[in-house]
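Undergrad: My questions will all concern the structure given below.
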Amino acid sequence: MKEILNMINICKSYYIEDEEFEVLHNINLKIHSGEFISILGPSGSGKSTMMNIIGCLDTPTSGKYILSGDDIFDLDEDDLADVRNKEIGFVFQNFQLLPRLSAIKNVELPLIYSGVSGKERKERALRMLENVGLGNKIKNFPNQLSGGQQQRVAVARALVTNPTILLADEPTGALDQKTGTQVIDLFKKLNEDGRTIVMITHDINIAKCAKRIVKILDGYLLEEGQ
């Protein structure tokens with residue numbers, strides 16, 4: 001399998017009143033194309049900071065991060081925005097859909113930023129909504145959809161640019177158990193179709209749904225394996 005992500009001795013520190021707080025300590029992680037990996041850790045473990053670095057929403061204090069062959073340290077803000085749009089598909093705990101836009105318009109949004117024509121945007125967004133089982137809900141607004149349906153719209157939006165990695169932050173956190181299971185089943189199907197998925201979670205039962213678990217505690221990776 002092709003290596004698509006390599007984090008080498010990644011450290012991240014924050015300063016509060018001139019005092020340094022190191023959140024991540026020498027993180028080393030490789031992810032290959034087609035993997036379904038969960039990053040498991042409790043609140044305050046550093047998993048959100050790690051997610052932000054993986055998603056190019058933040059940069060490390062030191063270390064090296066290679067994504068699809070590019071050294072993220074070498075990129076300026078415009079380049080990072082381009083990477084976020086093309087390489088990373090984000091799925092958030094609270095969906096983050098725009099309430100005044102229909103399902104299909106929400107899914108089209110990343111393609112607008114990519115400069116895709118209106119006709120192609122609509123075709124690709126419709127295809128993605130059909131892929132997640134919402135072809136009959138394209139004109140519905142978020143408040144007309146259940147939590148599970150809103151998360152499926154969010155997944156469709158994340159996939160519409162055909163990103164290298166689907167990055168999901170606590171994707172079942174706002175859902176009941178049954179609906180959460182349905183979303184995880186969707187992730188499993190997407191992975192079977194070849195999608196690379198990185199899922200951030202504090203729930204061991206959700207983490208076990210991935211093919212590989214990496215545990216993080218107090219900013220250290222404790223375990224990496226099948």
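Undergrad: Between S33 and Q96, with labels modelled 7 Å along Cα→Cβ, what's the label distance in nm to one decimal, could you check?
TA: Reported label-point gap for S33 and Q96 is 2.7 nm.
Undergrad: Okay, moving on. Sorted by accessible area (1.4 Å probe), largest first, how do M1, M128 line up?
TA: Listed by decreasing accessible area, they come as M1, M128.
Undergrad: On to the next question. Looking at the range 76-125, which trypsin sites (Lys or Arg not before Pro) are DSSP coil and have at most 13 other C-beta atoms within 10 Å of their C-beta?
TA: Answer by residue number: R100.
Undergrad: Towards the positive end of the charge dipole of the range 137-226, with charges on Cβ (+1 Lys, Arg; -1 Asp, Glu), say which of I200, A174, N143 has the farthest Cα.
TA: N143
Undergrad: Keeping every protein chain present and rolling a 1.4 Å probe, give me the accessible area per residue for the chain in Å².
TA: 50
Undergrad: Placing unit charges on C-beta atoms (Lys and Arg positive, Asp and Glu negative, everything else neutral), compute the dipole magnitude of the range 38-80 about its Cα centre in debye, rounded to 20.
TA: My answer is approximately 480 debye.
Undergrad: Here's another thing I want to ask about it. What is the gain in length, in nm to one decimal, between D74 and S13 on full extension, counting 0.36 nm per residue of separation less the C-alpha to C-alpha distance?
TA: Taking 0.36 nm per residue and subtracting the Cα distance, the gain is 20.0 nm.
Undergrad: So, one more: Over the heavy atoms of K211, what accessible area does a 1.4 Å probe trace out, to the nearest 10 Å²?
TA: Roll a 1.4 Å probe over it and K211 shows about 120 Å².
Undergrad: Per the helix-only calculation at 222 nm, which mean residue ellipticity applies to the chain, given -39500 (n - 2.57) for every DSSP H run of n ≥ 4 and division by its residues, nearest 500 deg cm²/dmol?
TA: After summing the helix terms and dividing by residue count, I get -10000 deg cm²/dmol.
Undergrad: A 29 angstrom limit on the alpha carbon distance is what I want to check against. Which of K119/K211; K30/K189; K2/K188 exceed it?
TA: K119/K211
Undergrad: Assigning unit charges at the beta carbon (Lys, Arg +1; Asp, Glu -1) and nothing else, what dipole magnitude in debye, to the nearest 20, does the range 56-122 show about its Cα centre?
TA: The calculation lands at about 680 debye.
Undergrad: Could you go through the range 183-200 in sequence order and give the Karplus-derived ³J(HN,Hα) for each residue, using 6.51 cos²θ - 1.76 cosθ + 1.60 with θ = phi - 60°, rounded to whole Hz, and x for Gly and Pro?
TA: Residue by residue, the range 183-200 yields 5, 5, 4, 5, 4, 4, 5, 4, 5, 4, 7, x, 6, 8, 10, 10, 10, 9 Hz.
Undergrad: Along the range 107-114, what does the Karplus equation 6.51 cos²θ - 1.76 cosθ + 1.60 (θ = phi - 60°) give for ³J(HN,Hα), rounded to whole Hz, x for Gly and Pro?
TA: 5, 5, 3, x, 6, 4, 5, 8
Undergrad: Going by alpha carbons, how many degrees (0 to 90, nearest 10) lie between the helix axis of 77-86 and the longest principal axis of the chain?
TA: The answer is roughly 50 degrees.
Undergrad: Still on this structure, I have one more. Students sometimes get this wrong: rank Y113, Y15, Y220 by accessible area, probe 1.4 Å, all chains present, largest first.
TA: Sorted descending by solvent-accessible area, the residues read Y113, Y15, Y220.
Undergrad: Same structure again: Rounded to whole Å and sorted largest first, what semi-axes of the equivalent ellipsoid does the C-alpha gyration tensor of the range 1-106 yield via the square root of 5 times each eigenvalue?
TA: 25, 19, 15
Undergrad: With +1 on each Lys and Arg Cβ and -1 on each Asp and Glu Cβ, how big is the dipole of the range 172-226 about its Cα centre, in debye rounded to the nearest 20?
TA: 160
Undergrad: For K188, what charge total do you get from the other residues with a beta carbon under 15 Å from its beta carbon, if Lys and Arg give +1 and Asp and Glu give -1?
TA: +2
Undergrad: Identify which of the listed values of Cα extents along the principal axes in Å was calculated from the structure shown: (1) 65, 39, 32; (2) 48, 36, 33; (3) 51, 41, 38.
TA: From the options (1) 65, 39, 32; (2) 48, 36, 33; (3) 51, 41, 38, the structure gives (3).
Undergrad: How much length, in nm to one decimal, is gained on full extension between L222 and E20, taken as 0.36 nm per residue of separation minus their Cα-Cα distance?
TA: Between L222 and E20, full extension yields an extra 70.4 nm.
Undergrad: For the range 80-112 and the range 1-57, compute the distance between their C-alpha centroids and round to whole Å.
TA: 22
Undergrad: Stretch K139-D193 to full length: gain in nm at 0.36 nm per residue minus the Cα-Cα span?
TA: Answer, rounded to one decimal: 16.8 nm.
The values are calculated or read from the model by the stated rules, or taken from the named source; none is laboratory data. Everything quoted here is computed from the prediction, not taken from an experiment. No Cβ is skipped: glycine too gets one built from the backbone with ideal geometry, and neighbour counts run over all protein chains shown. For accessibility, only protein heavy atoms count, side chains too; no ligands or nucleic acids. Shrake-Rupley method; radii C 1.70, N 1.55, O 1.52, S 1.80 Å.
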